[in-house]
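Values quoted throughout were computed directly from the atomic coordinates according to the rules given, and no laboratory measurement underlies them. Only a predicted model underlies this, so the values are computations on that prediction, with no experimental measurement involved. A quick note on method: Cβ atoms are made from the backbone with ideal geometry, for glycine too, and the neighbour counts reach across all protein chains shown.
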Amino acid sequence: YQTFEDFTYSNLFEESKVRYVYSDRNSNIWVSISNAGLVLIEPDDDAGKPRISEISNKDPYYSDLNSNVIYYIAESDDGALWVCGENGLNLIHLKDNAFKNYSYRSARGIDFPLEVRALLNSDEGFLWVGTVGDGLKQFHLASQKFVDVPLVHRGRQIREAIQSIIRDHKGNLWIGTE
């Protein structure tokens, strides 16, 4: 038997849906609120209360977040956060609150955002990136560039929304699509 405590914070939780929850290595809780960005819940302070911050692309302090629609969060080896959203990929360095946005450069040299819903670290210098409508990509960390990875099933290229990416114990990728 498990008990649950109701957590209420501002109108964000009442008016929006919680899309994703992530706990980082510092015991911070990151909550993605649909269309409202992120809520950061830091561990209890000396008074026993958690510190709560809202992070959105409308907030001047965190103005570099490229979208308020966040689908997935992953942590890098150095403790930075990869934030996947409606307008692409963000990297947040928590130590200095530095943000970096990454867009996809097409073969024609045009930058445009990707709707990123899934991410997996390869341990080989790149991230596997699952997009909506543009298939699977590799994001190479050294060059900071996206590379297309064709997914073909029965002679047809798969471009559906990639919702999840995992690696099994044999190193095989499993990709969940819409």
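Less than 11 Å Cβ to Cβ from residue 159, Lys/Arg counted +1 and Asp/Glu -1: what total charge do the surrounding residues give?
Combined, the nearby Lys, Arg, Asp and Glu give -3.
Hey, which of these cross-link pairs are over 25 Å Cα-Cα: 58/100; 100/145; 49/100? Spell out each step's value before the answer.
On the way: 58/100 16 Å; 100/145 13 Å; 49/100 30 Å.
Table pairs above 25 Å Cα-Cα are 49/100.
What does the highest-first list of 163-171, 38-46, 123-131 look like by mean Cβ count within 10 Å?
Working: 163-171: 11.0, 38-46: 14.6, 123-131: 19.0.
The packing order, highest mean first, is 123-131, 38-46, 163-171.
Where does segment 131-175 land on Rg(C-alpha)/(2.2 N^0.38 Å)?
This ratio for segment 131-175 stands at 1.26.
Order these peptides, 155-162, 86-93, by their mean beta-carbon neighbour count within 10 angstrom, highest first.
Sorting 155-162, 86-93 by mean packing, highest first, produces 86-93, 155-162.
Place a point 7 Å from the Cα of residue 178 along the Cα-to-Cβ direction; which residues of segment 148-171 have their backbone N under 14 Å from it?
Under 14 Å, as judged by backbone N against the label point of residue 178, lie 159-164 of segment 148-171.
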